[in-house]
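The values are calculated or read from the model by the stated rules, or taken from the named source; none is laboratory data. Just so it is clear, the model here is predicted, and its values are computed rather than measured. No Cβ is skipped: glycine too gets one built from the backbone with ideal geometry, and neighbour counts run over all protein chains shown.
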Protein chains: 2
Amino acid sequence: MIQELKNNYGNFFEDELLEEINQVGTFKEVPEGFELIKPGSYIKSMPLIISGAIKILREDLDGDELLLYFLEQGDTCAMTLSCCLGHHKSEIKAIAETDAKLIMVPVEKMEVWTTKYKSWRNFVFESYHKRLMETIETIDSIAFLKMDDRLLKYLKDKSKVNSDHIINNTHQEIAYDLHTSRVVISRLLKKLEKEGKVKLNRNTIEMINI
Amino acid sequence: MIQELKNNYGNFFEDELLEEINQVGTFKEVPEGFELIKPGSYIKSMPLIISGAIKILREDLDGDELLLYFLEQGDTCAMTLSCCLGHHKSEIKAIAETDAKLIMVPVEKMEVWTTKYKSWRNFVFESYHKRLMETIETIDSIAFLKMDDRLLKYLKDKSKVNSDHIINNTHQEIAYDLHTSRVVISRLLKKLEKEGKVKLNRNTIEMINI
DNA sequence: TCAATGCAGTAACTTTTGTTACAGAACCCT
DNA sequence: AGGGTTCTGTAACAAAAGTTACTGCATTGA
């Protein structure tokens with residue numbers, strides 16, 4: 001594990017901290033679709049992402065969902081930080097977008113490291129900042145964009161985190177993430193296809209010269 | 001100033017830290033409507049709110065606005081934290097919602113205190129958490145509520161931060177905060193009035209048994 | 001006092017988004 | 001191969017939100 005740690009977090013954390021993470025952290029490999037965090041649950045460990053991508057969703061009382069953002073290599077979940085440090089319940093849902101490798105760090109260590117390591121503090125602050133920015137970017141999309149542009153942005157983001165210009169999803173799955181209906185997505189995708197921006201096939205959407 | 005500090009932050013910060021804040025901080029009193037932060041500007045000090053309320057807005061490229069949340073006594077601006085610690089530009093706009101009293105703390109101290117005082121670290125983490133939660137609550141409103149419920153929620157929040165069941169705003173001003181048009185707000189307010197939830201007059205909206 | 005301005009009410013219309021319903025194509029399984 | 005299932009396309013309609021245009025009332029200030 002130490003090698004993967006060094007590769008991904010080596011120029012961020014001191015050797016001593018890397019060593020500590022190696023001691024107390026547990027390596028975890030999850031398949032695409034794995035539910036890492038359920039809303040309402042308490043969280044006892046914090047994930048450092050080594051590879052793959054995690055999608056973070058908000059869920060309302062009726063079970064309606066909305067994608068907040070994706071986490072990638074080098075990221076951690078700010079919500080987990082909040083929850084751990086503040087001992088709150090999770091307010092979000094986390095699903096592996098792709099197969100992913102993580103290192104799970106137990107809660108207790110986090111506060112100790114915050115005191116002990118400057119690099120850890122900076123990492124935590126930087127994470128908060130990034131997540132706050134992404135959340136605000138999500139607000140921008142919902143508030144200022146129409147559904148067609150939101151969809152296009154979604155497809156681009158998705159294509160990026162998967163490093164693949166072909167997106168393997170049904171229209172229904174996309175509709176869930178954007179909190180709209182399948183018919184709306186089909187309609188808008190068809191429009192994008194007519195504009196030459198995507199090519200549609202069953203279960204796949206091919207991005208053209210994005 | 002030390003007295004106001006103790007009253008508002010006394011059971012949060014140690015005496016030593018309160019003393020330091022007293023040394024380096026500057027007291028600031030601003031009138032309603034005062035623009036504290038412009039989007040795109042660099043920020044050199046961080047506000048601790050003593051009294052009054054501040055509204056935090058997102059502004060897009062076309063100058064369209066959207067209210068993110070209100071800050072009150074005991075709060076600080078997470079965006080400022082981010083900006084100061086990460087040396088980024090401001091991504092938001094801050095306007096005094098009411099007359100307000102603040103203590104401005106210079107950026108340089110923040111990082112030092114983060115190392116030196118546990119209570120400061122906790123304050124900063126707690127602020128991030130609260131702001132992230134409020135931002136997500138805003139997403140809930142925009143994504144899951146229709147405009148009539150968003151409006152009602154807005155009026156309730158506004159009534160709360162102003163400690164007044166009478167809201168002194170024009171329909172146009174409300175429309176800006178919710179990023180919609182004046183006509184839409186007038187229409188929905190009229191509906192709320194017919195439902196007996198508000199009473200309308202020129203420049204004022206009276207909340208009824210909220 | 002009266003003209004100018006700002007604010008609110010409302011009608012008529014458009015656009016966008018959401019809903020319901022159904023049909024045909026692709027896929028899966030035995 | 002054939003029956004069931006899932007996915008997509010599309011039409012027709014409904015609801016929500018945005019736009020334009022005009023009205024009259026309140027307030028301001030010359």
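Some points to look at:
- Selection of segment B:160-191 for residues being among the aliphatic types (A, V, I, L, M), touching a Leu at 6+ places or on another chain (Cβ under 7 Å) and in contact (Cβ under 8 Å) with a residue 40 or more places away in the chain yields B:167, B:178, B:188.
- Of all residues making up segment B:10-23, the number that are touching a Ser or Thr at 6+ places or on another chain (Cβ under 9 Å) and either without any contact (Cβ under 8 Å) to a residue 12 or more places away in the chain or part of a helix (DSSP H, G or I) (or both): 1
- Residue count for segment A:192-210, restricted to those that are of a type in the set (Val, Ile, Thr) and either within 13 Å of DNA strand C (Cβ to nearest atom) or without any contact (Cβ under 8 Å) to a residue 12 or more places away in the chain (or both): 1.
- Top-ranked residue in segment A:66-114 [being within 11 Å of another protein chain (Cβ to nearest Cβ) and of a type in the set (Gly, Ala, Ser); ranked as surrounded by the fewest Cβ atoms within 10 Å (Cβ to Cβ)]: A:86
- Single residue of segment A:182-201 satisfying the filter (within 9 Å of DNA strand D (Cβ to nearest atom) and not basic (Lys, Arg)) that is farthest from residue A:94 (Cα to Cα): A:193
- Exactly one residue out of B:49, B:43 is outside any strand (DSSP E or B), under 24 Å from residue B:125 (Cα atoms) and touching a strand residue (DSSP E or B) at 6+ places or on another chain (Cβ under 9 Å): that is B:43.
- Test result for residue B:39, touching a Ser or Thr at 6+ places or on another chain (Cβ under 9 Å), more than 10 Å from every other protein chain (Cβ to nearest Cβ) and either at pLDDT 95 or above or surrounded by fewer than 21 Cβ atoms within 10 Å (Cβ to Cβ) (or both): yes
- Within segment B:145-179, the residues that satisfy the criterion of being over 17 Å from the mean Cα position of the chain (by Cα), within 14 Å of another protein chain (Cβ to nearest Cβ) and within 13 Å of DNA strand C (Cβ to nearest atom) are B:145, B:146, B:147, B:175.
This table checks each residue for (1) β-branched (Val, Ile, Thr); (2) in the same structural domain as residue B:11 (by TED's automatic domain parsing).
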site: B:102; (1), (2): no, yes
site: B:109; (1), (2): no, yes
site: B:120; (1), (2): no, yes
site: B:127; (1), (2): no, yes
site: B:156; (1), (2): no, no
site: B:167; (1), (2): yes, no
site: B:199; (1), (2): no, no
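- Cβ pairs under 6 Å, 6+ apart, first in segment B:115-143 and within 26 Å of residue A:64 (Cβ to Cβ) and facing chain A (nearest Cβ under 7 Å), second crowded, with 18+ Cβ neighbours inside 10 Å and hydroxyl-bearing (Ser, Thr, Tyr): B:129/A:82; B:135/A:135
- Residue check, residue A:191 more than 14 Å from every other protein chain (Cβ to nearest Cβ), surrounded by 15 or more Cβ atoms within 10 Å (Cβ to Cβ) and not polar (S, T, N, Q): no
- Every residue from segment B:160-169 that is surrounded by 15 or more Cβ atoms within 10 Å (Cβ to Cβ) and within 15 Å of DNA strand D (Cβ to nearest atom): B:169
- Scanning segment A:139-150 turns up no residue that is touching a Phe, Trp or Tyr at 6+ places or on another chain (Cβ under 8 Å), acidic (Asp, Glu) and either near DNA strand D (Cβ under 10 Å from one of its atoms) or under 29 Å from residue B:62 (Cβ atoms) (or both).
- Some residue of segment B:64-83 being in contact (Cβ under 8 Å) with a residue 24 or more places away in the chain, more than 16 Å from the chain's Cα centre (by Cα) and more than 26 Å from residue A:123 (Cα to Cα): yes
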